[in-house]
1. Which one of 62, 87 is polar (S, T, N, Q), at pLDDT 95 or above, surrounded by fewer than 16 Cβ atoms within 10 Å (Cβ to Cβ) and within 21 Å of residue 121 (Cα to Cα)?
2. Does residue 224 count as within 22 Å of residue 182 (Cβ to Cβ), open to solvent by 10 Å² or more (accessible area, probe 1.4 Å) and touching a Phe, Trp or Tyr at 6+ places or on another chain (Cβ under 9 Å)?
3. Among the candidates 215, 226, which residue alone is farther than 30 Å from residue 30 by Cα, in contact with a helix residue (DSSP H, G or I) (Cβ under 7 Å, 6 or more places away or on another chain) and of a type in the set (A, V, I, L, M)?
4. Residues of segment 203-229 being touching a strand residue (DSSP E or B) at 6+ places or on another chain (Cβ under 6 Å) and of a type in the set (Lys, Arg), which ones?
5. If residue 143 satisfies all but one of (1) closer than 30 Å to residue 264 by Cα; (2) modelled with pLDDT of 95 or more, what's the number of the condition it fails?
6. Failed condition for residue 216, given (1) in contact with a Leu (Cβ under 7 Å, 6 or more places away or on another chain); (2) open to solvent by less than 50 Å² (accessible area, probe 1.4 Å); (3) under 30 Å from residue 57 (Cβ atoms), with all others met?
7. Only one of (1) more than 17 Å from residue 253 (Cα to Cα); (2) modelled with pLDDT of 95 or more; (3) open to solvent by 10 Å² or more (accessible area, probe 1.4 Å); (4) within 22 Å of the chain's Cα centre (by Cα) fails for residue 173. Which number is that?
8. Residues that are over 27 Å from residue 289 (Cα atoms), in contact with a Lys or Arg (Cβ under 9 Å, 6 or more places away or on another chain) and either open to solvent by less than 10 Å² (accessible area, probe 1.4 Å) or not in a loop (DSSP other than H, G, I, E, B) (or both): does segment 138-157 have at least one?
Amino acid sequence: MAAVIPSRRALLLAAPALALSGRLARAQNGSWPERPVRVILPWPPGGTADIVGRLFFNALSQGTGKPFVIENRPGATGTIGAAAFAQSTPDGYTVMHGSTGLSVEKALFSNLPYDAGRDFIPVFRTVTVPQFVLVPASLPVRTLAELIAYAKEKRGINGASAGIGSIQHLSMELFARQTGMPVNHVPYRGGAPIYTDLMTGTVDLYFGNANAPVAFVKEGKLRALAHTGKGRLTSLPDVPPVSDLLPGFETYEWNGVFLPKGTSPAVVVRLNKLLNEALARPDVAEKLRSQDLQAERNSPEEFAAFFAAQSQRWQGFVREAGIRLE
């Protein structure tokens, strides 16, 4: 039988598929990453997403011998960094460490250049963390009931958030709606800059992620009235949950790692494996536990289901509450 010799056109058409299969094989056998990886973080330095991202990706740098370089791109409730991520090449060398804002923004922005649910691949949920209900130490309240009464007496207090549509904003708005407490919303660009203004009394209230304000509370500079999780937290075990006053009330910030749509499935699996391995490191697990940053092993499929559920919950709430960009 005569040999069939492929035409030049057939070889050219087959070349991209062959190249892709080669990349898949290399990723599957553990060679990815073969060069530095850019990690886009859509929030400023010092916040929860930044702290958690650096912890995990420093562990990945150590484990793989390749740098995972954090690039902070804050602004517009995280959409500036996410837009930059959406434009990246899906080759596995740009990842994003995102947060709760990704599950909210579709209800806030009508002209985003991306759709997080369609254009981003969930890889791994790094942490979930409840918020502390924080007030200045000078504010004459020590319980949630006293806070509500004080706000009603003053006909409104100033409540800070990490940005319109951030979990800090949504948690505060949900609490205000359920209690009838009047709050004037003061959005900031990320959570880290808020604490100075809160300690000086420039703002009166902040639902701050539980890992960040513990030292300020212990030093007497801030007062934690409650937290939005379950039971008691490791760092401040005397602080009760909001659900003691409002049964069923729970809110959490979440952080997670994404790749752009079109990235090789083998890279998704490989990155998830590396992140689960980082979580299993005793030093990483202890740093998370000591700051009430809750983490557990998870797969891309599990994170995708979680992301979809969070998106449904918070986008529905934003529309119901009439929250809009100011």
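1. After ruling out the rest, the residue left standing is 87.
2. yes
3. Unique residue meeting the criteria: 226.
4. Hit for segment 203-229 is 223, nothing else.
5. It fails just one condition, (1).
6. The one condition residue 216 does not meet is (2).
7. Result: residue 173 passes all but (1).
8. Yes, some residue in segment 138-157 is over 27 Å from residue 289 (Cα atoms), in contact with a Lys or Arg (Cβ under 9 Å, 6 or more places away or on another chain) and either open to solvent by less than 10 Å² (accessible area, probe 1.4 Å) or not in a loop (DSSP other than H, G, I, E, B) (or both).
The values are calculated or read from the model by the stated rules, or taken from the named source; none is laboratory data. On a predicted model such as this, the values are computed, not experimentally measured, just so you know. Methodologically, a virtual Cβ is constructed for each residue, glycine included, from the backbone with ideal geometry; neighbour enumeration extends over all protein chains shown. Note: areas computed on protein heavy atoms with side chains; ligands, DNA, RNA excluded. Shrake-Rupley method; radii C 1.70, N 1.55, O 1.52, S 1.80 Å.
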